[in-house]
1. Kindly give Rg over Rh for the range 31-92, based on alpha-carbon atoms, with the Kirkwood expression for the hydrodynamic radius.
2. Taking K and R as +1 and D and E as -1, what net charge do the other residues with C-beta under 11 Å from the C-beta of Pro72 add up to?
3. All other residues with a Cβ under 10 Å from the Cβ of Ile133 taken together, and with Lys, Arg as +1 and Asp, Glu as -1, what is their net charge?
4. At 0.36 nm per residue, and after removing the present C-alpha to C-alpha distance, how many nm does the segment from Thr52 to Gln92 gain when stretched out fully?
5. Between Tyr79 and Asp107, what is 0.36 nm times their sequence separation minus the Cα-Cα distance? Round to one decimal in nm.
6. Leaving out ligands, DNA and RNA, and with a 1.4 Å probe, what % of the accessible surface on the range 41-141 is carbon or sulfur?
Amino acid sequence: CSLSFSTVYAQNNNGGNQPAAQTGQQAAAKADTPKPAKSHLHLTKNSIDFGTIPIGKTKVVEVTFTNTGSKPLIITDTYTNCGCTGIEFPQQPFMPGKSGTLKISYDADEEGFFSKTITIYSNADNKKEIIKIQGIVSKND
C-alpha cells in the first residue's frame, strides 16, 4: 500500500512559491463567499424518556421544532425502527422562525425496557435528525 501526497502552490507577488492555503487573497475570498440560504430544523428534544407505561397502553409525547434557518422548512419523511413507534408530523412548510409539533407515540405491547429511534428527514441543511426514546413497560396491577 502506498500513499502519495501533493501540495498546491500559488505564485505570490514576490515571484516566490507559497502553499495555496496560505495566500491571503484566497482566505479572504473564502470568507467573503456567502453561505447559501437554507432552512434549519431545531428540535427542543433529541432524547425523550417516556417513563413507565402500563402494558397494552399507548403513550404520546409532543416535541416542538423550530425553523431557525432563512428558507421555508419542509419535513419530507420520517422513519421509525419499530412498528410499535409512530410519529405524526405536519405536511405544510414552516417559514423561518415558525414552530410546529411532532407527535411521537409508543404502543406498550411487551413488558420491559425499550429504546427506539425516530429519524426525521427534511429539506434543511441538517437533512436528517434523530430522536431517541426510551422507557419501561410494566404489567397492569
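The values are calculated or read from the model by the stated rules, or taken from the named source; none is laboratory data. Fair warning: this is a prediction, and the values are worked out from it, not measured in the lab. Cβ placement follows ideal geometry from the backbone for every residue including glycine, while neighbour counts extend to all protein chains displayed. Remember, those area values only see protein heavy atoms, side chains included, never the ligands or the DNA or RNA. Shrake-Rupley method; radii C 1.70, N 1.55, O 1.52, S 1.80 Å.
1. Here Rg/Rh amounts to 1.11.
2. Result for the neighbourhood of Pro72: +3.
3. Here the count lands on +3.
4. Using 0.36 nm per residue and subtracting the Cα-Cα distance, I get 11.1 nm.
5. 8.5 nm
6. Details: 2690 of 5650 Å².
In the range 41-141, the share of accessible area belonging to carbon and sulfur is 48 percent.
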